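Structure first, then comments.
The values are calculated or read from the model by the stated rules, or taken from the named source; none is laboratory data. Being a predicted model, the structure only gives us computed values, none of them experimental. Here Cβ is always computed from backbone atoms with ideal geometry, including for glycine, and neighbour counts include all displayed protein chains. To get the accessible areas, we keep the full protein, side chains included, count just its heavy atoms, and leave off ligands, DNA and RNA. Shrake-Rupley method; radii C 1.70, N 1.55, O 1.52, S 1.80 Å.
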Amino acid sequence: GKLGRYPPWPGKIVNPPKDLKKPRGKKCFFVKFFGTEDHAWIKVEQLKPYHPHKEEMIKINKGKRFQQAVDAVEEFLRKTKGKDQASSHNSSEEKNRRNSSEERGKQSAGEEKRKASLSEGKLKKGTGEGKKRVSSVSSERGSKSPLKRAQDQSPRKRGRPPKDEKDLTIPESSTVKRVMTGTVAGFKWPPSVSEPVKDSDPYFHLILLSQTEKPAVCYQAITKKLKVCEEETGSTSIQAADSTAVNGSITPTDKKIGFLGLGLMGSGIVSNLLKMGHTVTVWNRTAEKCDLFIQEGARLGRTPAEVVSTCDITFACVSDPKAAKDLVLGPSGVLQGIRPGKCYVDMSTVDADTVTELAQVIVSRGGRFLEAPVSGNQQLSNDGMLVILAAGDRGLYEDCSSCFQAMGKTSFFLGEVGNAAKMMLIVNMVQGSFMATIAEGLTLAQVTGQSQQTLLDILNQGQLASIFLDQKCQNILQGNFKPDFYLKYIQKDLRLAIALGDSVNHPTPMAAAANEVYKRAKALDQSDNDMSAVYRAYIH
């Protein structure tokens, strides 16, 4: 599902489906999110008890969906409270009977040793029964939250797990990110969430997703009933902007944000900026695309120059080098709105020469420039799970911190202008070549009488297994080429990557071969389909 939401989100730990394999790695719990139909494996360090953080989270998150989720939690609490009160009443009566019996035992203790010993034996037995009853209540609640007991113990001890924890431990995927750029080391529950919380919060299994890191959710091909996806945690070399507030939630910058270009990527980015509370002014070449975002709270800019002149930081995400240049240098373009202190962030995937030229003209007018192309697709953009490659003005990179956290799971700062463009082209060169190889393998399987589905199953069990591989193969097998990443754009990136190789006399024969296949697909009218439609270039 769309598990890329960043606001801490209320959920409840539940039993995973029987046919759902536990992922390997660190301890995770299987969480059902209130207000949605989403389920996911969530790492323990990304969970916070619900009650201690409820009010603060409500203040931070103003969205309707979040409020609906909170309402769903409160309804659940009201229903559960009635049951627990009845259970507590019975438990109290039993405890009173036990205490009375113990008191009588103490009073008779001085009469004779035999009676004292007998009374002591009964007391021990009674205590044991009491523990058994408490455990039973926990187990009974465990039908809704079997992991509560393990959670209750985790704040007290981080050493050897309790005897039954081996059955409760839900490990995490070995390679694996809604997430952020921070890492979690030596996790401990906050001081306010120590032992007393168990008693004051009888619904300890109700949690909020922490913002220190996006949820590590493990993809399971067999769980088609569940909306579960996988993301990978960022590497330790990340130089990331960090604007996390208390408890890791995003604090949106108070700077006015502009956004130019509402295509497949830009639309998801703007939506997430708005969700996180940013003030955004939008512009698009075809103005109708702005309407949806105006309804979500965005302001409308009439020209790129107007957006830049009225905003502190303006982002742009357009299709290719020509569009990027026209946007800046054309009539009523970005450059006309630039004056000292204005900031421009180009998120388009272009070549290093183009981005260097744009940086020079922006800076010559006293502006600040950052290139920040993104690795991802429409779905990852919608989920706020993009990978951002930035280069240029380091101070501007840091000023964009909350924006980057709203739109992406990880951001890298790569130094001087041009570095991000080069890195982005290399990343997309690898991806485009891999996609062509997938299509080549599937068509070869077909013409040699082999099952394409079986080939996918085999690949998914091997070292090449990935979300990308599975999703693109599924597209091909289902004949669904709705664009998640336009074929014409991956071909453009291959062309630019080959040119990058030419500029330094470095051979790129694989990219060159893949490029020819994409050109064939374009000739077959596949430009506006997903990159997986390169498959059609192989069909005789």
Rel. contact order, % - alpha carbon contacts under 8 angstrom, at least six apart, region 472-540: 48
In Å², nearest 10: area of residue 510 left accessible to a 1.4 Å probe: 140
Sequence-distant residues sharing a close amide H with residue 285 (under 5 Å, placed H): 261, 262
Protein-only accessible surface order, largest first, of 43, 27, 325 at 1.4 Å: 325, 27, 43
Protein-only accessible surface order, largest first, of 50, 486 at 1.4 Å: 486, 50
Rounded accessible area of residue 508 (nearest 10 Å², 1.4 Å probe): 30
Sequence-distant residues sharing a close amide H with residue 412 (under 5 Å, placed H): 388, 389, 390
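So what is the accessible area of region 420-540 per residue, in Å², with the probe set to 1.4 Å?
About 51 Å² of surface per residue is accessible.
In percent, how large is the relative contact order of region 241-415, given Cα pairs closer than 8 Å and 6 or more residues apart?
On the way: 380 pairs, mean separation 41.7, N = 175.
Normalised by residue count, the contact order of region 241-415 is 24 percent.
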Under 13 Å, Cβ to Cβ, from residue 341 - net charge with Lys/Arg +1 and Asp/Glu -1: +3
Surface/4 of the Cα convex hull for region 296-365, nm²: 4.7
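Please give the contour-minus-distance gain from residue 499 to residue 524: 0.36 nm per residue of separation, less the Cα-Cα distance, rounded to one decimal in nm. Working shown, then result.
Working: separation 25, 0.36 × 25 = 9.00 nm, distance 2.42 nm.
My answer for the length gained is 6.6 nm.
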Integer Hz, Karplus 6.51/-1.76/1.60 couplings in order for region 274-287, x for Gly and Pro: 5, 4, 7, x, 6, 8, 10, 10, 10, 9, 9, 4, 9, 4
Listed pairs 32/54; 422/492; 255/492; 325/488; 12/472 exceeding 22 Å between Cα atoms: 255/492; 12/472
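Taking the Kirkwood radius as the inverse of the mean 1/r across Cα pairs, report the Rg/Rh of region 241-415.
Working: Rg = 14.4 Å, Rh = 15.6 Å.
Value, to two decimals: 0.92.
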Fraction of accessible area attributable to carbon and sulfur, region 424-537 (%, probe 1.4 Å): 54
Inter-label distance for residue 67 and residue 480, nm, one decimal - labels placed 7 Å from Cα along Cα-to-Cβ: 3.3
Residue 78 accessible area, assembled protein chains, probe 1.4 Å, Å²: 150
Around residue 443: net Lys/Arg minus Asp/Glu count, Cβ-Cβ under 13 Å: +1
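Send over the semi-axes of region 424-537's equivalent ellipsoid, whole angstrom and largest first, taken as the square roots of 5 times the C-alpha gyration tensor eigenvalues. Could you put the intermediate results ahead of the total?
On the way: eigenvalues 116, 49, 32 Å².
They are 24, 16, 13 Å, listed from largest to smallest.
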